[in-house]
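Values in this text are rule-based calculations from the coordinates and carry no lab data. The structure displayed is predicted, hence computed values, not measured ones. Quick reminder, even Gly has a Cβ in these numbers, built from the backbone with ideal geometry, and neighbours come from all protein chains shown.
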Amino acid sequence: MRTIGDRLYRARRRRFVGRDAELKTFRRALEAEVPPFAVMFVHGPGGVGKTALLNAMAALAREAGHATVLLDTRSVDLTRTVRPEPAGERGVLLLDSYERLIAIDDWVREEYLPGLPAGTLVVIGGREPPRPEWVSDHGWRELLLTVPLGNLGPDDGAALLREENVPERLHGHVLRATHGHPLALRLLVDVLSQRGDTGDLAGIDLAEAPDVVRLLLDRFLEGVPTPRHRRALEVCAHALVTTEELLRAALDDDHDPGGLFAWMRTLSFVEERPEGLCPHDLAREVFDADLRWRDGTAHQRLHRRIGDHLVHRLRTSTGAAQRRVLTELTFLRRANPAVRDLVDWSKPACHHTDDMRPEDRADLLAMTERHEGPESAKLAAFWMDRQPEAFVVARGPRGEPAGYGCRLRLDLASPQDVQADPGTRAMWEYARRRRPPAPGEEVAVKRFFVDRERHQRPRSAAGIAIVALLHRRLTSTRLGWDLIGAYSDADAQRDLFRFNGYHRAEEADFVVGGVRHYVYARDFRVGGIDAWLDLLAESETRTGPAAAVPEPSPLAAMSRMEFTSAVRRGLRDLHRPDVLAGNPLNAARTALRHDGGLAGLLREAAESLRSDSRNLKAYRAVDRTYLHPAGTQERAAEVLGLPFSTYRRHLTTGVQRIVDTIWREEMHGLRPPSP
């Protein structure tokens, strides 16, 4: 008679996908006259599929005629008196959820397993890798095979989704949201089946499925001792890498960050890297999504603390350390829609950047011609000959070029070279018209950005080159203009440039090979690198669309004192047009827009004093001194019937009001009220 167990067995076999390498290794051991190992130790985080793999191995063993015992220690105790043993010389024993047997691991290793027949094949499945005693024992070192179990690859994940009848068009979105984690895939499939309408799920992520997050969280949080430890995991999930120093900064009220750091090093879903601790991708997403959903205020507070710490490190580090911090800061902004797809964060571990090599040239030009045409490739070759150091190459796992970025220094280029490229010519002329660079000031332009496969589409491998170019900007000693003219899609990077404080520079747009390139710019002489870093820190918590950055005034680099002095001189020269023509305020946007030019602007600002009765005395002093001058200040005081000291006080107040009015309109676009 067929049983429900028979039906369960067939359903499990039918729905099991992937793990071909692990099953092949197990099958070879079954078929060998003498198994190459006695214990196959499979380890990985909760929900990664260890139980499903052990079930599949048990099925293979039974089909091959081996006596098989599968023991799940969650439901069956293993003790010194209860020690299951498969019959025969070539039996198979599988122990699942081995993390529950850690207390008796010494007994299992030293007595239980050594007492089994020599041909017995043992498979252990647990969250943690074998304890050091397994590896340090010379005997077990020869008989032990350790198998770390990770998420499903793209092909196996897609096979699972096909088995679950998920529409093909959604496979990429679901795999990205779950990182191929088997349990997450199954749970998200359930969410999709409950929705019914799956027409618009391009942006699906775990934040949209709190029930899925809760179930996954239960797996990851099993064994987490206290809320302190959970907070440490939330820090680890939010940052790219976590050090003890970062924990101390993010958990400023915790007295033992070292203890928390040491505890996290023992977790199955946390990896140790040279830079610090890094959780598995899905664990990161689950912890971060849960905190953001459960306590948005705490999530923002954690974000700010980590961001402040990284900005401080960015200001105080140099060289390779500074580049690493910049990468971490870029990663921290990943929740921001404008930054989220800048870099394919699944690939930083297998992609890196370095300088262009002579042998890279043909590959880089080929990918440029493929995506941008022969004219653009010819210009790239032109600059490779003249400024090879401007090119940063993103490399794949074998060192092959995956893409590149190019940041030229126009202040170092000859006038002939600048004029030879429509892009550099347009951007250089824009900078000179708006505010010419002084001798020694850098004028940098991001001229090319090309990914071998995706060109300039989101999540490209070449995205890591952008971080290297950002570092060059950060380390510039006298950066003036920084312009970006590499992109041919007007909207693709708009929000990113806005969040980074770059304004749209339409006058610098150019056409190459019939394709229009859209330019953004920032004058770093206004506030310098420090002001830009402050802007980055401020933008960390922004989530909505970025507002357009106004094009800076040509006078934006003037100090307030210089601006005040120019207004005072303008008032004094109001009736001397030849002298007034040399005043720097003639370049002001407000003066250029005014029908009466600078003279009209100054008169209008003075007349606006009359709109407020509190400024009438100041207006009269300004009127008799500059608008309708009485000749001398002494004569003006006499005409107004005021003691000279009182007259001077009113005049000083009036001039300051005029300065404030013109400054607000020029720098912030705030017009004075009509008189």
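Okay, here's what the table says:
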| read-out | value |
| --- | --- |
| Nearest-ten-degree value, helix 463-474 long axis tilted from longest Cα axis of the chain | 40 |
| Between 0 and 90°, nearest 10: helix 560-572 axis offset from the chain longest Cα axis | 20 |
| Range of Cα positions in the stretch 428-509 per principal axis (Å), largest first | 40, 27, 22 |
| Electrostatic dipole magnitude of the chain [Cβ: Lys, Arg +1; Asp, Glu -1; Cα centre; debye, to 20] | 2000 |
| Label point at SER611 placed 7 Å out along Cα→Cβ; residues across the stretch 575-605 whose backbone nitrogen lies under 19 Å | 589-605 |
| Mean Cβ neighbour count within 10 Å, used as a protection proxy, ranking 167-175, 278-286, 596-604 highest first | 278-286, 596-604, 167-175 |
| Electrostatic dipole magnitude of the stretch 373-448 [Cβ: Lys, Arg +1; Asp, Glu -1; Cα centre; debye, to 20] | 240 |
| Between 0 and 90°, nearest 10: helix 597-607 axis offset from the chain longest Cα axis | 80 |
| Among GLY319, LEU221, PHE287 - extreme Cα towards positive end, dipole of the stretch 217-335, charges at beta-carbon | GLY319 |
| Potential lengthening between ARG10 and GLU272 on full extension [0.36 nm per residue; Cα-Cα distance subtracted] | 90.4 nm |
| Dipole in debye (nearest 20) - the stretch 560-668, about Cα centre, beta carbon charges: Lys, Arg +1; Asp, Glu -1 | 300 |
| Given charges at Cβ of Lys, Arg, Asp, Glu: the chain dipole, positive-most of PRO154, SER565, GLY405 | SER565 |
| Nearby aspartates and glutamates by direct alpha-carbon distance to LYS378 (threshold 14 angstrom, same-chain neighbours under 8 apart not counted) | ASP363, GLU369, ASP417, ASP421 |
| Positive-end residue of ASN165, TRP263, VAL549, charge dipole of the chain with Cβ unit charges | VAL549 |
